[in-house]
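The values are calculated or read from the model by the stated rules, or taken from the named source; none is laboratory data. Keep in mind that this is a model prediction, so the values were computed, not measured. Here the Cβ is made from the backbone with ideal geometry for all residues, glycine too, and neighbour counts use every protein chain on show.
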C-alpha cells in the first residue's frame, strides 16, 4: 500500500497483491536452501541430478499452478475481504466476467501456490540426493536459531499493524517494518546466528565511529 496504492491502484489491489506475495513467500526458504544444495552437488561433480530436479520443479509448478489457478480465480477481493464470486469449477471464467475492469480476482494466488509447492519438492529431492554422499547437511541446526526470531518478528508485525490501522500507509509502513526488523536481528543474535551478530556489530561500530 505504501509503495503503490493511489490513483487506480486501490486498497483491494493491495490486498490481492499481498495475498499473492504471502503465498509465494512460503516457497522462498525452500528456494534459497535449494540453491545451497545445488552448489554442494556441483562441488561433488553432480551436475545432471540437480538439472533433472530443477526441470521437475518447473513441471510441477506449471501443473499445480494450472490446476489451482482456475478455482482461485473464483475468489475476488471486495472491500478488503476475500469473497467467492462464482461456483468452483476447473476452467476459465466467462468472457463477460473477465472483462470487468474493477475485478480483483485471485487466480495469481493459485499460480503462486504451485510455485511454492514445487520449491519445497525441489528442496526435498536435492536434500535426499545429497544425503547419499554427505553425512550431515546441518541445515536444520542453522534454521533452529532463526525460528524464535521469526516468531518474535511476526508477532510484533501483527501487533503493530493492528495498532496502527488507520494511519496513512506511508506513515505506518516504516513503523511496522523497522522495529520488528530490529527485534528479529537481536533475537537471532541471542540465539547464536553469526550473520545477525556480524551485522549488529558492524552497525554498532558505525554508530560509535
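The residues of the range 142-157 that are in contact with a helix residue (DSSP H, G or I) (Cβ under 9 Å, 6 or more places away or on another chain) and at pLDDT below 90, listed by number, are 143, 145, 146.
The rows are residues; the columns are (1) assigned to a helix (DSSP H, G or I); (2) touching a residue at least 12 places away in the same chain (Cβ under 8 Å); (3) in contact with a helix residue (DSSP H, G or I) (Cβ under 7 Å, 6 or more places away or on another chain); (4) surrounded by fewer than 14 Cβ atoms within 10 Å (Cβ to Cβ).
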residue	(1), (2), (3), (4)
166	no, no, no, yes
174	yes, no, no, yes
178	yes, no, no, yes
183	yes, yes, yes, no
187	yes, yes, yes, no
200	yes, yes, yes, no
205	yes, no, no, yes
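Answer yes if at least one residue in the range 60-76 is under 14 Å from residue 126 (Cβ atoms) and surrounded by 13 or more Cβ atoms within 10 Å (Cβ to Cβ), and no otherwise. Yes, the range 60-76 contains a residue that is under 14 Å from residue 126 (Cβ atoms) and surrounded by 13 or more Cβ atoms within 10 Å (Cβ to Cβ).
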